[in-house]
Amino acid sequence: MDEPRLKLAVQKSGRLTEPCHDLLARCGLQFTRGRDQLIGYGENMPFDLLFVRDDDIPDLVQEDVCDLGLVGLNVLEERRLELAALGQACRFTSLRSLDFGRCRLALAVPEGFPWEGPASLAGRRIATTYPFMLLRYLRERSIQAEVVTLSGAVEIAPRLGRADVVCDLVSTGSTLQAHHLREVDTVLESHAVLIRTPLPLPPQKAEWVERLLLRIDGVQQVRGSKYIMLHAPRSALAEIRRLLPGSESPTVLQLEGVSDRVAVHAVCRENVFWETLESLKKAGASALLVLPVEKMLA
Ligand code: ATP
Ligand code: ZN
């Protein structure tokens, strides 16, 4: 019998597309795109990708059309609150927080707006594509304001006279700046999330999900991790250990023909900066080498 295949929903084209493909490639998944460009067939793992709009991903997963989905927490949280307003529970389960798609849903005011804290929003019109999260923010602070729900181009709403304030997704802040808006508060900190269907998976599928999760954990661990090698006098070992950023116990090897010098190898779970190398050198280290880590399995 054919192995059952997992369906994984990913954004078709947008900010999450490239980082999602990168993550899956690092997890070892190779796929070919169907002629309709809507499905990617996993060649070496039993996963098929469905390329869809990000807003459709929570429902595709909770209605069990797809087994898994990669989507922003902002989209998930908004859908969860929308369902709650309809008296329905959301049924997808979050499996992993991912280290990309970082952004925040933020409130921003035009230059010259008298912002003195959330209370300054009282009686104002706030434009957003995330009305449910904004309403929760206002409700939690007992603020009465008008929520203007738009489908896009939120940042130009004040200039068009449609709103006084905006509540929009921000990553660097440069879009806000270009529209003469000043960020004043955060409604939600967001990142990409891997979600799964609420229904139990047959054993073979469940096993592949577990394997994928282990690989995702491995990928996320090595991003930014470095492998460092150096020579040092044995007497400097304690100081060198202290200087190595985020490393577990390093491997110490005796150098051939030299009694008081050793080679130290360690995985550092943080980036190794020039400053660290300089401090290590000062502590007596030499022949310093920093290498990227490609894969890690705990
Ligand atoms: P779609 O056509 O799939 O509906 P979209 O226009 O809604 O696409 P994108 O702008 O591609 O969505 O953003 C997708 C996700 O990327 C967002 O929901 C959010 O989780 C994340 N993201 C990261 N940084 C930003 C940012 N600066 N602005 C908007 N979204 C961001
Ligand atoms: Zn969208």
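The values are calculated or read from the model by the stated rules, or taken from the named source; none is laboratory data. All figures in this text were calculated on a predicted structure; none of them were measured in a lab. Reconstructed Cβ throughout: ideal geometry from the backbone, glycine too, with neighbour counts over all protein chains shown. With ligands, DNA and RNA removed, areas are computed over all heavy atoms of the protein, side chains included. Shrake-Rupley method; radii C 1.70, N 1.55, O 1.52, S 1.80 Å.
Odds and ends about this structure:
- Scanning the range 134-145 for residues that are surrounded by fewer than 14 Cβ atoms within 10 Å (Cβ to Cβ) and either acidic (Asp, Glu) or within 24 Å of Asp55 (Cβ to Cβ) (or both) turns up Arg139, Glu140.
- Scan of the range 240-298 for residues that are β-branched (Val, Ile, Thr) and in a loop (DSSP other than H, G, I, E, B), ordered by number: Val258, Val272, Val293
- Picking from residues in the range 33-49 that are assigned to a loop (DSSP other than H, G, I, E, B) and more than 16 Å from ligand 1 (Cβ to nearest atom), the one that is nearest to Pro202 (Cα to Cα) is Pro46.
- Whichever residue in the range 1-31 is among the aliphatic types (A, V, I, L, M) and part of a loop (DSSP other than H, G, I, E, B) and, among such residues, is most open to solvent (accessible area, probe 1.4 Å): Met1
- From Gly34, Gly117, Gly40, residue being assigned by TED's automatic domain parsing to the domain that holds Arg159 and either away from ligand 2 (no atom under 16 Å from the Cβ) or buried (at least 17 other Cβ atoms within 10 Å of the Cβ) (or both): Gly117
Yes or no, residue by residue, for (1) charged (D, E, K, R); (2) more than 25 Å from Val170 (Cα to Cα):
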site	(1), (2)
Ser13	no, no
Pro19	no, no
Ala25	no, yes
Gln30	no, yes
Met45	no, yes
Val71	no, no
Asn74	no, no
Arg79	yes, no
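- Close pairs (8 angstrom Cβ cut-off, 6 or more residues apart or separate chains): among the small types (Gly, Ala, Ser) in the range 4-21, part of a strand (DSSP E or B) anywhere: Ala9/Leu49; Ala9/Leu50; Ala9/Val52; Ala9/Leu68; Ala9/Gly69; Ala9/Leu70; Ala9/Val71; Ser13/Phe51
- Scanning the range 188-217 for residues that are under 15 Å from Leu8 (Cα atoms) and within 16 Å of ligand 2 (Cβ to nearest atom) yields Ala192, Val193, Ile195.
- Boolean, Gly112 is loosely packed, with under 10 Cβ neighbours inside 10 Å, at pLDDT below 95 and either of a type in the set (A, V, I, L, M, F, W, C) or more than 28 Å from the chain's Cα centre (by Cα) (or both): yes
- Filter pass, Leu73 being more than 25 Å from Ala178 (Cβ to Cβ), in contact (Cβ under 8 Å) with a residue 24 or more places away in the chain and within 16 Å of ligand 2 (Cβ to nearest atom): yes
- Restricting attention to the range 51-70, the residues that are within 16 Å of ligand 2 (Cβ to nearest atom) and within 19 Å of Asp2 (Cβ to Cβ) add up to 0.
- Test: residue in the range 194-212 that is within 16 Å of ligand 1 (Cβ to nearest atom), among the hydrophobic types (A, V, I, L, M, F, W, C) and more than 25 Å from the chain's Cα centre (by Cα): no
- Single residue of the range 46-72 satisfying the filter (open to solvent by less than 40 Å² (accessible area, probe 1.4 Å) and farther than 21 Å from Leu199 by Cβ) that is nearest to the chain's Cα centre (by Cα): Gly72
- Candidate set: the range 256-280, residues that are within 14 Å of Ser235 (Cα to Cα), touching a strand residue (DSSP E or B) at 6+ places or on another chain (Cβ under 9 Å) and of a type outside the set (Val, Ile, Thr); chosen: the one most open to solvent (accessible area, probe 1.4 Å): Asp260
- Number of the exception - Ala145 against (1) among the aliphatic types (A, V, I, L, M); (2) without any contact (Cβ under 8 Å) to a residue 60 or more places away in the chain; (3) under 20 Å from Asn74 (Cα atoms): (3)
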